[in-house]
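Derivation of every value follows stated rules applied to the coordinates shown; laboratory data play no part. For clarity, every value in this text was computed on a predicted model and none was experimentally measured. Glycine gets a Cβ as well: all are built from the backbone with ideal geometry, and neighbour counts include every protein chain shown.
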């Protein structure tokens, strides 16, 4: 049974729980914890249901549709001017599933938060509601509303629950990182805002409803002018070079679960926006600008990987690694062929679960050791075998080991890239090789080799951490060995995007 | 994966192996590959299996010669290796260090790759972030600092600024309409 109420629930439930938590006494920290984990589980259930109940080979472009009119026939708005229009296609479905998985894992990992955990979970659920909203909205107004809702709680989550760090040659306060992250993302969203109104006026049909706006044939010059607004505006959230520095610094300052959501789902909103707003609305603009996106994507991949190699801090390393992996997504989108775009969406999912697992594991280590310097550790496998196993598998997925999710995604992306830009595809593969260098170096330095006696007191993962990590790991392996449920949904929709060959 | 490729219209040549190796093909089918092993292995130009007698006998003879030389050097005349080692000292050093290939790799990683990576990371932190991103923020702050001196409290100046602004907007509006 398909009903739009499922998608509505993914947005309404976290909002409702955010309000519910307001009336829970903050002294009852355990109650807050249980409510939050139960909500995370419910969101995971809802999104899993939405993913698996999504029908293949139907005539409907969007499923689980629901449309409630909010404002219509006022001023410049016509029939169904602004509506709460929800629905998912084959790209939205895996993204909703990803959000459910990462959210549930993040609530489990956040069980160890003691300081003002009620306020923390309220902000976390506001953020999650925004993310679900972006992935399911088919109305430009609500799309943008949820986009902002997903970004703003990050400011407080990092500023209050984050940590400041001092390194040998520089220091980063959590306030600096929180302000930079918010300013860069809000600044970029101004471009999207301008683009949305440009499209609204140019279409001249008085509605913000996306499926209706997709039907309009826009002037070619208009498309070429407006597409970069969406490309840069959304691209910044996807970590597009040279507007990426908010991301690694944000990770270093953010608490564990916020890093998981930041790299796991938030950066995917940007890539999703490039598809939803850029490629689907303005296909001719996309065709004109894609060589530039391909170039920037390759820069992201290689530059991010090289930067990651020089990092001495776990979180900086994984932060730059995320930038590098989002570069593969941008490359895949820029191919504008079905294999490449399919690979890009697969990579969005794959990177989401894998990087969330890496950040979760960094949290396990940091909360005990209070340092994230890779060289400070050694031989961790003796004290924390399960931790090392989970972290290593995430790392191997990151470098594209067959049998894990990263391989499936990157294989498709390279296949697509070699059909359109063979030389840049070769550079992309170089990036994958560099990824192997920094992941394996990190593992050999911190996990294996001589045991550092200083860390003899470290304990392995707690039950909550174990549960969250196992959930993420299950989907890394599932996608690695059985990608069909994902490919079937994505490929069908990708072929319907105008301009994708 | 390959079934997916076909869905995108990428044609792969799979008939050859099915024709050449029908038994393997059935094995593949039994293992659960629906298209048989031909779905997994592709040969563009298959050759019939060719047994080259000269190559086979030659390589067996080489193996035998190696075994014989080893037996002679270590069992029949065990003092021989020490003598050869003494005479060919530089060669022995080279060989026992595996031609220094490991040291070469290590040096390239340490001196070239990691040093280059540190340059990129420095560039990212100091140029892209501290100059580019933070610089944009400081420029905004500095512009605000300069503009605050326009906040004089002298009403005629405010009025003048408003008039100039209105005229400028009107000029823009009319020129766009024309």
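Somewhere in region A:447-462, is a residue within 21 Å of residue A:308 (Cα to Cα), out of contact with any strand residue (DSSP E or B) (no Cβ under 8 Å at 6 or more places or on another chain) and part of a helix (DSSP H, G or I)? Yes, region A:447-462 contains at least one residue that is within 21 Å of residue A:308 (Cα to Cα), out of contact with any strand residue (DSSP E or B) (no Cβ under 8 Å at 6 or more places or on another chain) and part of a helix (DSSP H, G or I). Within region A:487-501, the set of residues being under 19 Å from the mean Cα position of the chain (by Cα) and away from every other protein chain (no Cβ under 11 Å) comprises just one member, A:489. No other residue among A:278, A:235, A:250, A:264 is buried (at least 24 other Cβ atoms within 10 Å of the Cβ) and within 14 Å of another protein chain (Cβ to nearest Cβ) apart from A:250. The residues of region A:13-41 that are touching a residue at least 12 places away in the same chain (Cβ under 8 Å), surrounded by fewer than 18 Cβ atoms within 10 Å (Cβ to Cβ) and under 18 Å from residue A:102 (Cα atoms), listed by number, are A:15, A:41. Of all residues in region A:331-366, those being farther than 30 Å from residue A:384 by Cα and more than 13 Å from the chain's Cα centre (by Cα) number 13.
The set of residues from region B:96-115 being over 21 Å from the mean Cα position of the chain (by Cα) and surrounded by 11 or more Cβ atoms within 10 Å (Cβ to Cβ) comprises B:97, B:100, B:103.
Residues that are in a helix (DSSP H, G or I), over 30 Å from residue A:112 (Cα atoms) and touching a residue at least 12 places away in the same chain (Cβ under 8 Å) do occur in region A:236-253. Within region A:142-182, restricting attention to residues that are part of a loop (DSSP other than H, G, I, E, B) and in contact with a strand residue (DSSP E or B) (Cβ under 8 Å, 6 or more places away or on another chain), the residue that is farthest from the other protein chains (Cβ to nearest Cβ) is A:164.
Taking the numbered list (1) within 12 Å of chain A (Cβ to nearest Cβ); (2) loosely packed, with under 11 Cβ neighbours inside 10 Å in turn, residue B:140 passes all entries but (2). Residue selection: residue A:138 fails the criterion of being away from chain B (no Cβ under 14 Å), in contact (Cβ under 8 Å) with a residue 40 or more places away in the chain and more than 28 Å from residue A:123 (Cβ to Cβ). If you check A:97, A:127, A:123 for being more than 27 Å from residue A:54 (Cα to Cα) and assigned to a helix (DSSP H, G or I), only one passes: A:123. Residue selection: residue B:86 fails the criterion of being under 23 Å from residue A:431 (Cα atoms) and either loosely packed, with under 11 Cβ neighbours inside 10 Å or touching a helix residue (DSSP H, G or I) at 6+ places or on another chain (Cβ under 9 Å) (or both). Selection within region A:456-486: residues that are within 12 Å of chain B (Cβ to nearest Cβ) and touching a helix residue (DSSP H, G or I) at 6+ places or on another chain (Cβ under 6 Å). The member of this set that is nearest to residue A:372 (Cα to Cα) is A:480. For region A:72-90, does any single residue satisfy the condition of being part of a helix (DSSP H, G or I), touching a helix residue (DSSP H, G or I) at 6+ places or on another chain (Cβ under 6 Å) and touching a residue at least 40 places away in the same chain (Cβ under 8 Å)? There is no residue in region A:72-90 that is part of a helix (DSSP H, G or I), touching a helix residue (DSSP H, G or I) at 6+ places or on another chain (Cβ under 6 Å) and touching a residue at least 40 places away in the same chain (Cβ under 8 Å).
Per-residue answers, yes or no, for (1) surrounded by 10 or more Cβ atoms within 10 Å (Cβ to Cβ); (2) closer than 30 Å to residue A:434 by Cβ; (3) within 14 Å of another protein chain (Cβ to nearest Cβ); (4) free of Cβ contacts under 8 Å to residues at least 40 places away in the same chain:
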position: B:59; (1), (2), (3), (4): yes, no, no, yes
position: B:64; (1), (2), (3), (4): yes, no, no, yes
position: B:67; (1), (2), (3), (4): yes, no, no, yes
position: B:70; (1), (2), (3), (4): yes, no, no, yes
position: B:76; (1), (2), (3), (4): no, no, no, yes
position: B:81; (1), (2), (3), (4): yes, no, no, yes
position: B:117; (1), (2), (3), (4): yes, yes, yes, yes
position: B:146; (1), (2), (3), (4): no, no, no, yes
position: B:151; (1), (2), (3), (4): no, no, no, yes
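In the set A:407, A:447, only one residue is more than 22 Å from the chain's Cα centre (by Cα) and under 23 Å from residue A:474 (Cα atoms); that residue is A:447. For region A:443-455, what are the residues that are in contact with a helix residue (DSSP H, G or I) (Cβ under 7 Å, 6 or more places away or on another chain) and either over 12 Å from residue A:376 (Cα atoms) or surrounded by fewer than 15 Cβ atoms within 10 Å (Cβ to Cβ) (or both)? If the condition is that a residue be in contact with a helix residue (DSSP H, G or I) (Cβ under 7 Å, 6 or more places away or on another chain) and either over 12 Å from residue A:376 (Cα atoms) or surrounded by fewer than 15 Cβ atoms within 10 Å (Cβ to Cβ) (or both), then A:443, A:448 are the ones that fit.
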